[in-house]
Amino acid sequence: MSALPAPSRTGTTGPLLSVDLRAVAANTHLIGTMAGGRLMAVVKAYGFGHGDLAVARTALANGATRLGVTALPEAFALRSAGITAPVLSWLNTVDADFETAVREHIDIAIPSIAHLHVVATAAARARLAARVHLHIDVGMARDGATAQEWTALTAQARAAQRRGLVDVLGVMGHLACADQPDHPSNATGRRAFAEAVEVTNRAGLRPRLRHLAATAATLTDPRTRLDLCRVGAGLFGIDPIGGSGLREALTLTAPVVTVRDVAAGTPVGYGHTHVTDRGTRLALLPVGYADGIPRDAHGWVQVRSRRCPIVGRVSMDQVVIDVGTIPIGPGEQVTVFGPGDAGEPTVAEWARWAGTIPNEIVTGIGHRIPRVTCPIPRSIR
Ligand SMILES: *Cc1c(COP(=O)(O)O)cnc(C)c1O
């Protein structure tokens, strides 16, 4: 077992997040096969909370050929760790360090003419062509250039490419409703993307990488897979559709701090929002909302193969669980969530209880919880 990052606490004295990289490897294989080997592993937000480096290495060893992140510092961290695979960074302000990005051979998404200009200027300073992917908004009014701006953007990108300042490698888009395969905006988005590619070609550019699909589209619609699929959630077993055979990779455990036997009518925690309805045993766990336990969820944990509820308010650093008659004592480990093999709650269940999506649960796990990873599988085949 190797720790990532260096744990602040070691051993079993506190909560622990175990990252099963074999699950990440298996998920990468499964999705990479669907994507026909054209897979960009998205490792933004600290690899969806799983550890960006460990996930990047696992994905690259198991079928992914490229990496994707949002802001440049995430890409620089991958390069500093010695990762040489292509890395695309798609969310940067115009004052980002594009010169370093060019020198580090990081692919840069271009969502506006203003971005094109600052990236071309940085490339001139670095005396290297910037590797760029033009980003079109295909219908979510979020990131990406508008259709109105696109003609001018592609023309100016062509001019910059002639001057050796940029190398237009790709065109990217992102679908708003791919997790609802029948939603009409999927067809609209595909059409808008095809038109944007047409305009790009008419400008005299020949981008080799057209990419539109993230996890949901990759799983549900082969027409979106094109030259590359940008997949994050699926690598971590987050299945926006259901039934895809993906496996969650995280197990969060916490040891019991203290136990107490209480009478019926005992109020528990801040605000006394819970009062015991019978004599029972309560156990204290050292995890709270600062560790990513959703404050508003009525959550459950697994104690010796039985599920027990969290009772009362979730505090910043602690929760109380009602273990009934289970003779648990201080120091015993409780599973907050895991892949579900032993009936323990999963991240997907926690997301339902919290009224959110699994993505928010896994990215919300606090950094004071040490991560422990199993050795990185070279390949699971
Ligand atoms: C996060 C993100 C992805 C990955 O999405 P998943 O649904 O997690 O696979 C792909 N593209 C863009 C632009 C993103 O922001």
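The values are calculated or read from the model by the stated rules, or taken from the named source; none is laboratory data. Small disclaimer: the values here were computed from a predicted structure and weren't measured. Reconstructed Cβ throughout: ideal geometry from the backbone, glycine too, with neighbour counts over all protein chains shown. With ligands, DNA and RNA removed, areas are computed over all heavy atoms of the protein, side chains included. Shrake-Rupley method; radii C 1.70, N 1.55, O 1.52, S 1.80 Å.
Once the gyration tensor of the Cα atoms in the stretch 71-212 is diagonalised, the equivalent ellipsoid follows with semi-axes of 25, 18, 12 Å, ordered largest first. Identify, among THR121, PHE48, ALA71, the residue whose Cα sits farthest towards the positive end of the charge dipole of the stretch 1-126, taking +1 on the Cβ of Lys and Arg and -1 on the Cβ of Asp and Glu, with the dipole about the Cα centre. Checked the options; the winner is PHE48. Between ASP221, ASP277, ASP179, find the one with the highest GNM mean-square fluctuation for the chain; connect C-alpha pairs within less than 10 Å. In this elastic network of the chain, the residue with the biggest mean-square fluctuation among ASP221, ASP277, ASP179 is ASP277. At full extension, THR356 and ARG208 could sit 49.6 nm farther apart than now, given 0.36 nm per residue minus the alpha carbon distance. Solvent-accessible area per residue in the stretch 263-309 equals 53 Å², computed with a 1.4 angstrom probe and all protein chains kept.
At 222 nm, what helix-only mean residue ellipticity would the chain give, in deg cm²/dmol to the nearest 500, using -39500 (n - 2.57) for each DSSP H run of four or more? Intermediate results must be reported in sequence, preceding the final value.
Working: 11 runs with 112 residues, N = 381.
Per the formula, -8500 deg cm²/dmol.
Taking amide H as placed 1.01 Å from N in the peptide plane, the amide H of ALA145 sits under 5 Å from that of HIS135, ILE136, ASP137, each at least 5 places away or on another chain.
Here's the picture: a label point sits 7 Å out from the Cα of ALA85 along the beta-carbon direction, and within the stretch 134-175 nothing has its amide nitrogen under 16 Å of it.
At a Förster radius of 35 Å, what calculated FRET efficiency corresponds to the Cβ-Cβ distance of GLU332 and TYR270, to the nearest 0.05? Could the numbers behind the result be given before it?
Numbers: r = 25 Å, r/R0 = 0.71.
Calculated transfer efficiency: 0.90.
Relative contact order of the stretch 114-191: what whole-number percent is it, with Cα pairs under 8 angstrom and at least 6 residues apart?
On the way: 90 pairs, mean separation 28.1, N = 78.
Reported relative contact order: 36 percent.
Shown here: the stretch 15-73, whose C-alpha atoms stretch 38, 27, 14 Å along the first, second and third principal axes, sorted largest to smallest. For the chain, the alpha carbon convex hull comes to 144 Å³ per residue, rounded to a whole number.
DSSP assigns beta bridges within the chain; of those with both partners inside it, close to 50 percent run antiparallel.
Working from Cα pairs under 8 Å separated by at least six residues, relative contact order for the stretch 239-336 is 33 percent.
Taking amide H as placed 1.01 Å from N in the peptide plane, VAL311 has its amide H under 5 Å from the amide H of VAL320, ILE321, ASP322, each at least 5 places away in sequence or on another chain.
For GLY279, nonlocal amide neighbours, meaning residues 5 or more places apart or on other chains whose placed amide H falls under 5 Å from its own, are ALA264. Across the stretch 20-35, computed HN-Hα scalar couplings (Karplus, 6.51 cos²θ - 1.76 cosθ + 1.60, θ = phi - 60°) run 8, 6, 5, 5, 4, 5, 5, 5, 4, 4, 4, 6, x, 5, 4, 7 Hz from first to last residue, x flagging Gly and Pro.
Solvent exposure of VAL42, expressed as accessible area, is near 10 Å², computed with a probe of 1.4 Å over the protein chains only. Taking the 1.4 Å solvent-accessible surface of the chain as the whole, the part contributed by carbon and sulfur is 53%.
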